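Take a look at the structure below.
The values are calculated or read from the model by the stated rules, or taken from the named source; none is laboratory data. Remember, it's a predicted structure, so these values are computed and weren't measured experimentally. When we count neighbours, we look across all protein chains shown, and the Cβ atoms used for this are built from the backbone with ideal geometry, even at glycine. Calculation scope for accessible area: heavy atoms of the full protein, side chains included, ligands and nucleic acids excluded. Shrake-Rupley method; radii C 1.70, N 1.55, O 1.52, S 1.80 Å.
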Amino acid sequence: MPKFERRAEWVWRRRGLPEQVAFSTARPFVAEESNRYVYFRRVFDIAGRVTGASAQVSADGRYQLYVNGQLIGRGPARCSPASQYIDDYDIAPFLRPGRNVIAALAHSYGRHTAWYELPDWEHARAFGCGGFFLQGDVTSSSAPAVQLDTGQEWRYLESEAWQRDVPSGSLGFIEIYDARRAPLGWNTVDFDDSGWDEPEILRVPGRNYAGDVIPFPVMVPSDIPRLAESPRRAEAVVRVAEVKNAPPATDIATLFLQEALADLQTCRVDHPGHLLREDASATITTSGDHSASLVLDFGQTAPGRVRFDLEGPAEAVVDFTYSERLHDDGRVHMHAGIPGFDIYAAHRVILREGRQTWEAFELSGFRYLQVTVRHCERPLTIHAIRLNFTAYPVQPVGQFTCSDDLLNRIWQVGATTLHHCMLDGYVDCPSREQRQWLDAYLDSLINYVAFGDPYLGAKMLRQVAGSQQPDGLTMMVAPGDFSVLHFTNIPDFCLYWILAIGAYLDYTGDLGIVRELYPAVVKAIGWFERHLNGDNLLTDVPHWVFVDWAEVDKRGQVTALNAHFVAVLGVALRMAQLSEAARDAQHFAHLREAITAAINDHLWDDARGVYVDARRNGVQSRRISQQSNAAVMAFGVAPAERWPRILGTILDDERLVLTRFGTAQTERVDFDDEQHVVLAQPFYMHFLHRALCQAGQHAVMLDNIRQRWGAMVASGDRTFRESWQIIPLTSLCHAWAGTPTFDLPTEILGVKPLAPGFARVLVAPHPADLAWARGTVPTPHGVIAAAWQVGADRFEMTVNLPDGCEGLVILPEIGQPEWGIVTINGSPVSTNDSLTLEAGTHNITARYGNEKT
């Protein structure tokens, strides 16, 4: 990709930049830009009719972009400062002949967040952080083009509306906003900005006659679409109450923790149910020492921004907090997040006189919203409280329905869960942390069958490659704070990154990314190779070996990790072959064979008929788990003759035990206990299901889905949670828990890619106990539609393949070893239970009988 030709300058508030960057490691401007909001605007005239207008926009932090008072976008998407995103806008529809204004609100963080990394190198030492960039052109029918580039013609104002000295965590800063201190109409054309200053251009001379130091030497166009936004009303008013005001606190969360809800006595709330309707309002009046509190239920955990439409007295205060769950007394149960990294989220808006709208700058994820209204002896009218739902723009291209409605609901909840975890990256959850962890391998698989989007996955793969350390290991999160703080790492997530490349190749057919990322994959494989010992097993691998949210024994030679490495070597082998790296291919094939043999030699316990979790100092662990045994089956390590003994043990309900890190000691199992089998948590159930299907146990997989995910759906959950049990850290909307949404179309409907990008397609239904199923699977060529039903004496199926796809159909075994008569579109065919199909619609009927054609 050619380098972006920048013409505009990066600008920020005036600070007095040095004439030259000091030869030191100091970053003098970082701390002072912490939690700073800055307004920017540029007024310009257009003569005649607008014929075209574009703007390329970025910020060091985040921005909101306005044209003539209308919000037209936010950004940039999460990225590393080594590859700073630029967002491209067509602003022509928002312009008019005559005077116009383009304006932006930019926010600098002054700290790493879950999605943001502070700049580094000379950039950080010269400018610290904070900056805004716009490069734009407007053409019209009657005059030369107008350049909108940030520079001396722009004006800026430091915002005093947001309080800066507030708590912060992984998700940014608490917002305490005083509308009285905001410049009303600042983004409209008629606003008087004569008192605003000219911004400072972020450019200083380089050292020893080198080129100038400028922010973000590498700027790249954003490679994903902008997030979609749509306002949502609450579905229920859970509680209308009042609270006795707690002593004033600088941290708003303290008030929510201290103030108990009580029935209304001194405060008044009229028509709270109107908040669930359009064009209706509620009214609140408070007393001197009491405040009114409302708890709203939005029905499911969802990402977005809190938005208020209020009308009331100046100095009225609206405090709000949110979470995925409630306390027993009806208050919102604020999520503490990860200790040491996160904070309670509780915010405040102070009103100016009259009607006003306000929306949170930062995105959050929640189900329940608690709003406490203070200092309203004169009534406050609430015209609306909304969640401005914000997520990656996908369409429900993939579908699955069958004769079991419980499975249909499970499929849909999984799709919803994933969508709510698709932001400007695959995030683990929209509520707790919004980091792009590399369990996103599973998220991407679910996306490919539910939505078919290739762009978010490609972005993730490239960003993980960008996080690669000099020793070859990629980071467990990329980009963001956990990518650069270097306090721990998860080696298995590097392996998932490589598996995700293989999945991306299968579902998109994009060979270019294989060649692009292959060198990084080779380097990553080298990191793991250095931890192979004389047994040809990964041994004492450093950092946090994860495997699953369960107490699997992960000391010494870890079975699941070694099996995982075998699978990754298979992907690396494919990539080497596609890259025509014959020597690498031979090496990867040899490694795969050697490690497979070593796992089978050293980690199989023949007396118990299972693979143990680990082996340490030559001694096998007594711990056994679904995770370890699913891995060796799913990743092609365990010989088929061992499968029956394995499954007989790991599927024994009387031996299964539920564990999870962070649970009470009483829930843990001694590693020397050989009677119990560790149950896979939702994440690793994906691999258990691969193992079951590989062994032909599709009916067992369906029963497992019904039992475990069905319980969540039956309880009313509309998103799937992180783990089977709920502890304070558990997120209730976690994409990795959505494997049934992948399993049902690929294993039960039976549609999978056989060649990159679905050039060849496998359609291999497995009805199990279902009477019928139908669905669609998105591909780069178009949608594959399949439907089948099981009759008393026949199996009928319709398959529609788009142009560019060739299909291989494998008929299911239903009660008899082979079919008697098979027809395609009414014509008999000779078959050995497999059929080759060209693009088009094909009606297939297979009947029992003695006669074969």
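Hey, does segment 392-404 have a residue that's open to solvent by less than 30 Å² (accessible area, probe 1.4 Å) and part of a strand (DSSP E or B)?
yes
Scanning for something modelled with pLDDT under 95, over 22 Å from Val761 (Cα atoms), charged (D, E, K, R) and surrounded by 13 or more Cβ atoms within 10 Å (Cβ to Cβ), does segment 828-847 turn up at least one residue?
yes
I need a count of the residues in segment 637-654 that are part of a loop (DSSP other than H, G, I, E, B) and loosely packed, with under 15 Cβ neighbours inside 10 Å.
So the first thing to find is which residues in segment 637-654 are part of a loop (DSSP other than H, G, I, E, B), and the list is 637-639, 651-654.
Imposing the further condition that a residue be loosely packed, with under 15 Cβ neighbours inside 10 Å reduces the set to 639, 652-654.
The number of residues fulfilling the criteria is 4.
Only one of these is within 14 Å of the chain's Cα centre (by Cα) and of a type in the set (S, T, N, Q): Gln412, Gln399, Gln434, Gln468. Name it.
Values: Gln412 fails: within 14 Å of the chain's Cα centre (by Cα); Gln399 fails: within 14 Å of the chain's Cα centre (by Cα); Gln468 fails: within 14 Å of the chain's Cα centre (by Cα).
Checking each option against the conditions leaves just Gln434.
Look through segment 148-174, keep the residues that are within 22 Å of Phe341 (Cβ to Cβ) and either in contact with a Cys (Cβ under 7 Å, 6 or more places away or on another chain) or small (Gly, Ala, Ser) (or both), and return whichever of them is most open to solvent (accessible area, probe 1.4 Å).
Per the stated criteria, the residue is Ser168.
How many residues are open to solvent by less than 10 Å² (accessible area, probe 1.4 Å) and either under 22 Å from the mean Cα position of the chain (by Cα) or basic (Lys, Arg) (or both) if we restrict to segment 505-520?
Quick first cut of segment 505-520, residues open to solvent by less than 10 Å² (accessible area, probe 1.4 Å) only: 505, 513-514, 517.
Checking the rest, the ones that are also either under 22 Å from the mean Cα position of the chain (by Cα) or basic (Lys, Arg) (or both) come to 505, 513, 517.
Selection size over segment 505-520: 3.
Please state which of the following conditions Ser142 fails to meet, knowing it meets all the rest: (1) among the hydroxyl-bearing types (Ser, Thr, Tyr); (2) assigned to a loop (DSSP other than H, G, I, E, B); (3) open to solvent by less than 10 Å² (accessible area, probe 1.4 Å).
Result: Ser142 passes all but (3).
Just give me the residues in segment 797-825 being outside any loop (DSSP other than H, G, I, E, B), touching a Lys or Arg at 6+ places or on another chain (Cβ under 9 Å) and under 20 Å from Leu749 (Cβ atoms), in sequence order.
Once the filter is applied, which keeps residues that are outside any loop (DSSP other than H, G, I, E, B), touching a Lys or Arg at 6+ places or on another chain (Cβ under 9 Å) and under 20 Å from Leu749 (Cβ atoms), segment 797-825 yields Thr798, Glu806, Gly807, Leu808, Val822.
Condition first: among the aliphatic types (A, V, I, L, M), buried (at least 19 other Cβ atoms within 10 Å of the Cβ) and over 18 Å from Asp149 (Cα atoms). Now tell me which residues in segment 18-49 satisfy that.
If we filter segment 18-49 for residues that are among the aliphatic types (A, V, I, L, M), which is where we start, we get 21-22, 26, 30-31, 38, 43, 46-47.
Still in the list and also buried (at least 19 other Cβ atoms within 10 Å of the Cβ): 21, 30, 38, 46.
Val21, Val30, listed by residue number.
Please identify the pairs in which a residue from segment 588-615 that is farther than 12 Å from Ala638 by Cα and at pLDDT 95 or above has its Cβ atom under 7 Å from the Cβ atom of a residue that is among the basic types (Lys, Arg) and open to solvent by less than 10 Å² (accessible area, probe 1.4 Å), counting only partners at least 6 apart or on another chain.
Val612/Arg623; Asp613/Arg623
Among the residues of segment 524-570, write down those that are under 23 Å from Ile501 (Cβ atoms), open to solvent by 10 Å² or more (accessible area, probe 1.4 Å) and part of a loop (DSSP other than H, G, I, E, B).
If the condition is that a residue be under 23 Å from Ile501 (Cβ atoms), open to solvent by 10 Å² or more (accessible area, probe 1.4 Å) and part of a loop (DSSP other than H, G, I, E, B), then Arg530, His531, Val541, His543, Trp544, Val545 are the ones that fit.
Consider segment 603-636. How many of its residues are over 11 Å from Val558 (Cα atoms) and open to solvent by 40 Å² or more (accessible area, probe 1.4 Å)?
Qualifying residue count, segment 603-636: 8.
Residues in segment 473-480: is at least one modelled with pLDDT of 95 or more and open to solvent by 10 Å² or more (accessible area, probe 1.4 Å)?
Within segment 473-480, the first condition is being modelled with pLDDT of 95 or more, and the residues that meet it are 473-480.
Adding the requirement that they be open to solvent by 10 Å² or more (accessible area, probe 1.4 Å) leaves none.
Checked against the condition, which is being modelled with pLDDT of 95 or more and open to solvent by 10 Å² or more (accessible area, probe 1.4 Å), segment 473-480 yields no hits at all.
I need the full set of residues from segment 371-388 which are surrounded by fewer than 19 Cβ atoms within 10 Å (Cβ to Cβ) and not β-branched (Val, Ile, Thr), in order please.
Restricting attention to segment 371-388, the residues satisfying the condition of being surrounded by fewer than 19 Cβ atoms within 10 Å (Cβ to Cβ) are 377-379, 381, 383, 388.
Of everything in segment 371-388, those that are surrounded by fewer than 19 Cβ atoms within 10 Å (Cβ to Cβ) and not β-branched (Val, Ile, Thr) turn out to be Glu377, Arg378, Pro379, His383, Asn388.
Can you say whether Ala53 is within 30 Å of Ile350 (Cα to Cα), touching a residue at least 40 places away in the same chain (Cβ under 8 Å) and buried (at least 23 other Cβ atoms within 10 Å of the Cβ), as far as the supplied structure shows? Even if it seems obvious, please write down each step before you answer.
Working: within 30 Å of Ile350 (Cα to Cα): no; touching a residue at least 40 places away in the same chain (Cβ under 8 Å): yes; buried (at least 23 other Cβ atoms within 10 Å of the Cβ): yes.
No.
Of all residues being crowded, with 17+ Cβ neighbours inside 10 Å and without any contact (Cβ under 8 Å) to a residue 40 or more places away in the chain in segment 244-273, which is farthest from the chain's Cα centre (by Cα)? Just the residue, please. Full working, then the answer.
Pass one, segment 244-273, residues crowded, with 17+ Cβ neighbours inside 10 Å: 245, 252-253, 255-256, 259, 261, 267, 269, 272.
If we keep only those that are without any contact (Cβ under 8 Å) to a residue 40 or more places away in the chain as well, we get 267, 269, 272.
Details: Cys267: 41, Val269: 38, Pro272: 34 Å.
Here the residue is Cys267.
If a residue counts only when it is out of contact with any Ser or Thr (no Cβ under 9 Å at 6 or more places or on another chain) and hydrophobic (A, V, I, L, M, F, W, C), which strands (runs of 3 or more DSSP E) contained entirely in segment 194-289 have at least 3 such residues?
Details: elements: 219-221, 228-233, 236-244, 268-270, 282-285.
Hits in segment 194-289: 236-244.
Quick one: which residue in Arg355, Arg367 is farther than 21 Å from Arg164 by Cβ and within 21 Å of the chain's Cα centre (by Cα)? Before you say what the answer is, go through the steps one by one.
Values: Arg355 fails: within 21 Å of the chain's Cα centre (by Cα).
Sole residue among the options that is farther than 21 Å from Arg164 by Cβ and within 21 Å of the chain's Cα centre (by Cα): Arg367.
Looking at (1) part of a helix (DSSP H, G or I); (2) open to solvent by less than 10 Å² (accessible area, probe 1.4 Å), which is the only condition Glu122 fails?
Every listed condition holds for Glu122 apart from (2).
Could you say whether any residue in segment 752-772 is open to solvent by 10 Å² or more (accessible area, probe 1.4 Å), in a strand (DSSP E or B), closer than 22 Å to Trp709 by Cα and not β-branched (Val, Ile, Thr)?
yes
List the helices (runs of 4 or more DSSP H) that sit entirely inside segment 678-751 and contain at least 1 residues that are open to solvent by 10 Å² or more (accessible area, probe 1.4 Å), in contact with a strand residue (DSSP E or B) (Cβ under 7 Å, 6 or more places away or on another chain) and not small (Gly, Ala, Ser). Before you say what the answer is, go through the steps one by one.
Values: elements: 682-694, 698-714, 739-743.
Answer list for segment 678-751: none.
Report, by residue number, each residue of segment 177-193 that is outside any loop (DSSP other than H, G, I, E, B) and under 18 Å from Arg62 (Cβ atoms). Show your work before the answer.
The initial filter retains those residues of segment 177-193 that are outside any loop (DSSP other than H, G, I, E, B), namely 177-181.
Across segment 177-193, the qualifying residue is only Tyr177.
If I ask for residues that are open to solvent by 20 Å² or more (accessible area, probe 1.4 Å) and either on the phi > 0 side of the Ramachandran plot or of a type in the set (A, V, I, L, M, F, W, C) (or both), which ones from segment 278-322 would you list?
Answer for segment 278-322, where residues must be open to solvent by 20 Å² or more (accessible area, probe 1.4 Å) and either on the phi > 0 side of the Ramachandran plot or of a type in the set (A, V, I, L, M, F, W, C) (or both): Asp279, Ala314, Glu315.
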